[in-house]
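Q: Let me give you the structure first, and then I'll get to my questions.
What follows is calculated from the coordinates using simple rules that are stated; it is not laboratory data. These figures come from a predicted structure and were not determined experimentally. Quick reminder, even Gly has a Cβ in these numbers, built from the backbone with ideal geometry, and neighbours come from all protein chains shown.
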Amino acid sequence: MVFDRINLPGMCENLFYIDDNEYDHLIVGSLVKTYTNCKKTKFFFDGKDALNLLSENKSNAGELPDVILVDLFMPKFSGWDFLDAFTKIYPTLIKKVKVYILSSSIKREDIEHAKEYAFVQSYITKPLTQKLLEKLNGVN
């Protein structure tokens, strides 16, 4: 973790997870279900699909996520591509969405680059763990 603010909303209705790795989907899904109060989790192998859903529902708060976890390094459409595109639609969303980067990269340049996105709450290095999720969810 690199940034200071790490806190899932008190009542997480909806979480989006964007990663090209199927096994990470299984792990994160299990951890989120067990250790957070998020009621609904949607998984995406490509950030474009998540962006489409966000754009379609920009005025429907119930369909927008409270939190997005996004991996940086994916083929075709990277997490960086997602963040750049999200920058354009973020101001049009009816509610503020918190974005957390979840990446295996520990490169200083990646961490510094992530700080350039105002909506990114934190940079988290994989693997996501129970302890980290509890911290994200406000459990000490």
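Q: So for each of 64-75, 108-119 I average, over its residues, the number of other beta carbons within 10 Å; can you give me the resulting order with the highest mean first?
A: 64-75, 108-119
Q: While we're on this one: Using alpha-carbon pairs under 8 Å, 6+ residues apart, how would you state the relative contact order of the chain in percent?
A: Across the chain, relative contact order equals 32 percent.
Q: How do Ser55, Ser105 rank when sorted from fewest to most other Cβ atoms within 10 Å of their own Cβ?
A: Ascending number of Cβ neighbours within 10 Å: Ser55, Ser105.
Q: To the nearest µm²/s, what D does Stokes-Einstein give for the chain at 20 °C and 1.002 mPa s, using the Kirkwood radius over alpha carbon pairs as Rh?
A: Diffusion coefficient, whole number: 144 µm²/s.
Q: Anything over 28 Å Cα to Cα? Flag those among Lys40/Lys126; Lys40/Lys95; Lys42/Lys76; Lys88/Lys131; Lys39/Lys126, in the order listed.
A: Where the Cα-Cα span goes over 28 Å, the pairs concerned are Lys88/Lys131.
Q: For the pair Glu112/Asp84, report the inter-label distance in nm, with labels modelled 7 Å from Cα in the Cβ direction.
A: 1.9
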